[in-house]
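> I'd like to ask some things about the structure below.
Read-outs: derived from the displayed coordinates by stated rules, not from any lab. Worth saying up front: this structure is predicted, and the values here are computed from it rather than measured. In this analysis, Cβ positions are derived from the backbone assuming ideal geometry, glycine residues included, and neighbour counts consider all displayed protein chains.
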């Protein structure tokens, strides 16, 4: 082994031992003695990555590839360095070139997938994963990433089946069970019992892996005391969850409730700053593991803890499983049960979760905040609705995420379009910026009998005011199924656009019905596909009614229950107080599957 190679290995050993500064000093000495050695430049790139100085790292990574053109290892390191700088386009070009030269470079394939994920090129991700599965059979990363990409392409059934097949080798992996439960909400054809079983399996696995302790709380058992209520979320920022919880955060009765925030995301913005003002205390928990977060919450002696993520990404359900408060509830961020054994309550309403059948598919007690479980606070800078055009084709629209637009829904929307000659469909979704995804969805509509000239793409728009203004291009909004929109439905209504929804047999496919009832438009709720087509086509043919809704719907919403913040706050407060009073009497909350 040469002297330079020996010293490089010594420097790498220092890096692995966490001694990055000592490694840097050794690297500087090597640079002075061997400035033209690409291995030394590559070493310096790795050192500066460890020191979190990515720009410096990139300079050295480029130097290494300049000194040794075609060296796949140095190219790989340059691509990975670009990824740390969020320069996905450049990273993808380099990493893709590596795979063209040697498709079996598994580390470069995995890094290439990271670049494609940053670019949101989900159609290409599926191809790269399929190549990886062929070359590296059984690798769980390719299986998992492919399943996620399939869902992003609206292929929930294929994603679900791929995840189910992974259970044979990963049955004890909570992350896989979590993803299965989450994905089940999107799959057409699954029964409520099947979806519930996936969620139950997640909670059962948590209990097997980490049995929840029977914790004794010493909180004063005073039903009238000022309640210490924790709010746990990664989304106390510009996010739909924040928009729906903000009315309560700012409008709650401060004499009766003390709110404490546990923000688990590093991202903060103007919405975060606004929300902070409504909390008595704010904890940045983004760097805390589950054990440390649990300890933080127990030290705060909460009476009630509300988590806002459910089974969505970045959730902290294992903390809830270990019980951080006498009363624990889930709300807003997820359209189903959590499956967690120690989650006491979930806030819904009588339309999203009809009594009886819905209770049988929840591990929590369903607490109904009738008439609607949500309160919508529209953005202050929302533009005024523009009156519909007097000429031109009728434009149907959906601004929902593509994972909600499955093949059966494409065929249903095709029936609507075919029933209204000349009509067009406007789709707006962040992942339609990927031309591969747009081509795939265009093909599906073409296969369903809709010419691509009748499809319109709305590029992702930065800025909420500009986003809302895009609704002025829509005459009739079409809700998704079986996973309804929530924020998109509220936004469309606020912009004076009627929304047609198809009510199903579980919360995720009944939210639209709840929102439309609260908006005073129950007649836009269809009970089956035939009614959905009829309602949508009737609206398309009634320009007078659409114009009336465009002119009056915002005022109607402002005066109705969907935007009545005062009533909403009192309903939620009463629900919290009722749960607390029950705990004071029995030290437990009665639940259907407890």
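> Give me the extension gain from residue 292 to residue 314: residue separation times 0.36 nm, minus the current Cα-Cα distance, reported in nm with one decimal.
Full extension from residue 292 to residue 314 adds 6.3 nm.
> Two decimals, Cα atoms only, Kirkwood Rh: what is Rg/Rh over the stretch 50-145?
We get a ratio of 0.98 for the stretch 50-145.
> What distance in nm lies between label points placed 7 Å from Cα along the C-beta direction at residue 273 and residue 566?
The answer from the label model is 3.0 nm.
> Share of Cα-Cα pairs in the stretch 3-186 beyond 24 Å, in percent?
Value for the stretch 3-186: 48 percent of Cα pairs lie more than 24 Å apart.
> Taking just the alpha-carbon atoms of the stretch 304-415, what radius of gyration and Dmax come out, in angstrom?
Using the Cα atoms of the stretch 304-415, the pair Rg, Dmax is 19.0, 60 Å.
> Rule-of-thumb check for the stretch 141-185: C-alpha Rg over 2.2 N^0.38 Å?
Values: Rg = 9.4 Å, N = 45, 2.2 N^0.38 = 9.3 Å.
Output field value: 1.00.
> Something else now. Note down the relative contact order for the stretch 3-186 as a percent, whole number, built from C-alpha pairs under 8 angstrom at least six residues apart.
So the answer I get is 10 percent.
> What are the extents of the Cα atoms of the stretch 170-264 along their three principal axes, listed from largest to smallest and rounded to whole Å?
Result, largest extent first: 47, 36, 25 Å.
> Sticking with this structure for a sec: Enter the angle in degrees (range 0 to 90, nearest 10) between the Cα long axis of helix 290-299 and the first principal axis of the Cα atoms of the chain, meaning the one along which they spread out most.
For helix 290-299, the angle is close to 50 degrees.
> Still on this structure, I have one more. Provide the gained length on full extension for the span residue 238 to residue 6, in nm with one decimal, where the gain is 0.36 nm per separating residue minus the Cα-Cα distance.
78.5 nm
> Roughly how many nanometres apart are two label points built 7 Å out from the Cα toward the Cβ at residue 215 and residue 380?
Rounded to a tenth, the inter-label distance reads 3.7 nm.
> Once each part is reduced to its C-alpha centroid, what is the distance from the stretch 238-261 to the stretch 469-530 in angstrom?
The distance from the Cα centre of the stretch 238-261 to that of the stretch 469-530 comes to 25 Å.
> Gap in Å between the Cα centre of the stretch 1-77 and the Cα centre of the stretch 177-209?
47
> If you don't mind, there's one more thing I want to ask. Does anyone have the angle between helix 543-559 and the longest principal axis of the chain? Alpha-carbon axes, 0 to 90°, nearest 10?
That helix lies at roughly 90 degrees to the long axis.
> Right, next: Compute the length gained on full extension between residue 528 and residue 208: take 0.36 nm times their separation in residues and subtract their Cα-Cα distance, giving the result in nm to one decimal.
Extra length available between residue 528 and residue 208 comes to 111.1 nm.
> If I model the chain as equal point scatterers sitting on the Cα atoms and use the Debye formula, what is log10 I(q)/I(0) at q = 0.09 Å⁻¹?
For the chain at q = 0.09 Å⁻¹, log10 I(q)/I(0) is -0.81.
> Which order results if 507, 50, 517 are arranged by neighbouring Cβ count within 10 Å, fewest first? Don't jump to the answer; show the numbers that get you there.
Numbers: 507 28, 50 17, 517 20.
So the ranking, lowest neighbour count to highest, is 50, 517, 507.
> Rounded to whole Å and sorted largest first, list the principal axis extents of the Cα atoms in the stretch 436-588.
So the extents along the principal axes, rounded to whole Å, are 64, 36, 34.
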